[in-house]
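Engineer: Please see the structure below; I have some questions.
What follows is calculated from the coordinates using simple rules that are stated; it is not laboratory data. What you see is a predicted model; the values in this text were computed from it and never measured. Note that each Cβ is placed from the backbone with ideal geometry, even for glycine, and that neighbours are counted across all protein chains shown.
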Protein chains: 2
Amino acid sequence: MNGIKIIGRGKYIPKNEITSKFLAEKFALTEEYIYKVSGIKSRWYGNKEDTLENMAYKASIDAIKNGNVNYEDIDLIIVATTSSNQMMPGISYKVQALLNIGNCMCIDILAGCSGFINAFDIAYGYIEVGKVNTALVIGVEKLSTAVDLKDMSTAILFGDGAGATIIAKSEKVKKYYSKIKSQGQEAEYLTYEVGKKLIMDGTKIYKYAVSEVPKIINETLNDAKVNIKDINNIVLHQSNTRIMNSIAKKLGLHKEKVFSNIENVGNTFCASIPIALTEINLIDGEYLLMCGYGGGLNTGCIILEI
Amino acid sequence: MNGIKIIGRGKYIPKNEITSKFLAEKFALTEEYIYKVSGIKSRWYGNKEDTLENMAYKASIDAIKNGNVNYEDIDLIIVATTSSNQMMPGISYKVQALLNIGNCMCIDILAGCSGFINAFDIAYGYIEVGKVNTALVIGVEKLSTAVDLKDMSTAILFGDGAGATIIAKSEKVKKYYSKIKSQGQEAEYLTYEVGKKLIMDGTKIYKYAVSEVPKIINETLNDAKVNIKDINNIVLHQSNTRIMNSIAKKLGLHKEKVFSNIENVGNTFCASIPIALTEINLIDGEYLLMCGYGGGLNTGCIILEI
């Protein structure tokens, strides 16, 4: 069975900044309050040209350039999103057309905010058994179309963006451990139906995240027989700073040990982890831990050797 | 690496029959004409209670009973659909809640009419590498909500329904070959965006299907080193009889060798193959070939030893 290596990382963040100052005025709050409850200063909204496929394409081009990847080597495009209304074809097919790659396999995945973890894990599986050599794994969201701009609790959090990670077969078999669990029984904590608005019960999501995320991380560490202190990069879904700090504390980590770019990006659901991956150093032989969580409910953790 | 076996098959077809007599009157055609161009006598539309999750749940219960499967053994629920507007949670999460199965992994897949093939192949991969023991693979559609009832060319074809197949780890490693290819460049042949109507260019879809489907089937047969004459059950996506007969002819087969239930079910996109699986005999050691095709464009073929 094959190992994998990450060979390219890219992102696209749209240009229309939604500042906390703007939101503070809108909701009669202060910028400080918004920062205190979310850890976010800026989110970014796409314009008309920033469709899901265009944002995903731009992040893909960035990843292709970053890794100096040959377009034609890509034999799987897999997209995780929650904010699409395009059921057929999916965004992956539109990215395939924009990249003009013939006959690769394209799949869109719906698995809540942590869909990138599912997409990455599916791509890994195809590479592991030798059916795919190079996979383009994308997380993309246009949450500005889903958010209720009258709902302070979600409007302060969510933004648009895309991240793309290219993974390929590695000659060397490297450690890879994943664990993904869903809880459809708690689905109503965070929902989005096309034509309606995104609805979140923030208190319930907080309680779920600070309980389930440390649990799945510890289980995956156990499977991998790796100590959390030996993980070089810990990339959580960038949900909000309070959740991320609570998770760090429960793991016995200083909050600085857990990567964060949420201050300047906001919470971009499926795009948050691949965007974060563009901002860290990945060094051969080191360990990367990624953990997604959110709507579904769906929680997924991957530990891999770089 | 593990093999797989199919351990349960189920379906749900709603009760509201849309006869060709009704459609013939509506479009000023004859029943004979509709039958000649589609091979369909009846399609079935769901009522208000026949939501995607309810239809998927009923097909799952049918499959669970058929295979005498223990609910709690299911550790992956994967749903292929094209007619959902529920982006978070997906249908798989709702089925998990209805079945009340804790902590299994849930994923929805968007891959056009042939999404069941992708879902089956992903489930197979998880079982093959030992991460999943038992997977519930569902295809479900409520195309009555997507079809333009003023568009004769699609209204005569499409219906609602759900099919569920349960696959599990097999002690015996059995032959399994799959090939899936997408052509996002031809996406506009068949599209569906939530809030709009399904649009199909029937002529282009016909040309694509009768060219690409025999090709991918022959390629998969080559990989498997199996002659088509040795395949015991050939289950194509039930698109329309003209396409299916043309594919049979191109494969050098009498049309009776290719399974068909379209006359009484209609074209149910992702549900068509798992519904068909409930109507065939699967005998140990025999070969089953499944081939999906349609919007995306996406074409997928699986050959497996039962």
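Engineer: Which residue out of B:Ile101, B:Ile109 is among the β-branched types (Val, Ile, Thr), touching a strand residue (DSSP E or B) at 6+ places or on another chain (Cβ under 6 Å) and touching a residue at least 24 places away in the same chain (Cβ under 8 Å)?
Structural biologist: Only one candidate passes the filter, namely B:Ile109.
Engineer: Can you run down the residue pairs with Cβ atoms below 6 Å, 6 or more apart or on separate chains, where the first is in the stretch B:174-187 and within 8 Å of chain A (Cβ to nearest Cβ) and within 11 Å of A:Gln96 (Cβ to Cβ) and the partner is crowded, with 21+ Cβ neighbours inside 10 Å and of a type in the set (Val, Ile, Thr)?
Structural biologist: Correct list of pairs: B:Lys181/B:Thr299.
Engineer: So, one more: Taking the criterion of being β-branched (Val, Ile, Thr) and touching a helix residue (DSSP H, G or I) at 6+ places or on another chain (Cβ under 8 Å), would at least one residue in the stretch A:280-290 satisfy it?
Structural biologist: Taking every residue of the stretch A:280-290 in turn, none turns out to be β-branched (Val, Ile, Thr) and touching a helix residue (DSSP H, G or I) at 6+ places or on another chain (Cβ under 8 Å).
Engineer: Got at least one residue in the stretch B:28-47 being within 14 Å of chain A (Cβ to nearest Cβ), free of Cβ contacts under 8 Å to residues at least 40 places away in the same chain and not polar (S, T, N, Q)?
Structural biologist: No.
Engineer: While we're here: Any residue that is in a strand (DSSP E or B) and either over 30 Å from A:Ser83 (Cα atoms) or basic (Lys, Arg) (or both) - is there at least one of those in the stretch A:283-295?
Structural biologist: For the stretch A:283-295, residues in a strand (DSSP E or B) and either over 30 Å from A:Ser83 (Cα atoms) or basic (Lys, Arg) (or both): present.
Engineer: Every residue in the stretch B:189-235 that is aromatic (Phe, Trp, Tyr) and out of contact with any strand residue (DSSP E or B) (no Cβ under 6 Å at 6 or more places or on another chain), please.
Structural biologist: B:Tyr189, B:Tyr206, B:Tyr208 - these are the residues of the stretch B:189-235 that are aromatic (Phe, Trp, Tyr) and out of contact with any strand residue (DSSP E or B) (no Cβ under 6 Å at 6 or more places or on another chain).
Engineer: Considering only residues that are closer than 20 Å to B:Tyr126 by Cα, free of Cβ contacts under 8 Å to residues at least 60 places away in the same chain and more than 8 Å from chain A (Cβ to nearest Cβ), which ones fall in the stretch B:57-90?
Structural biologist: B:Asn70, B:Tyr71, B:Glu72
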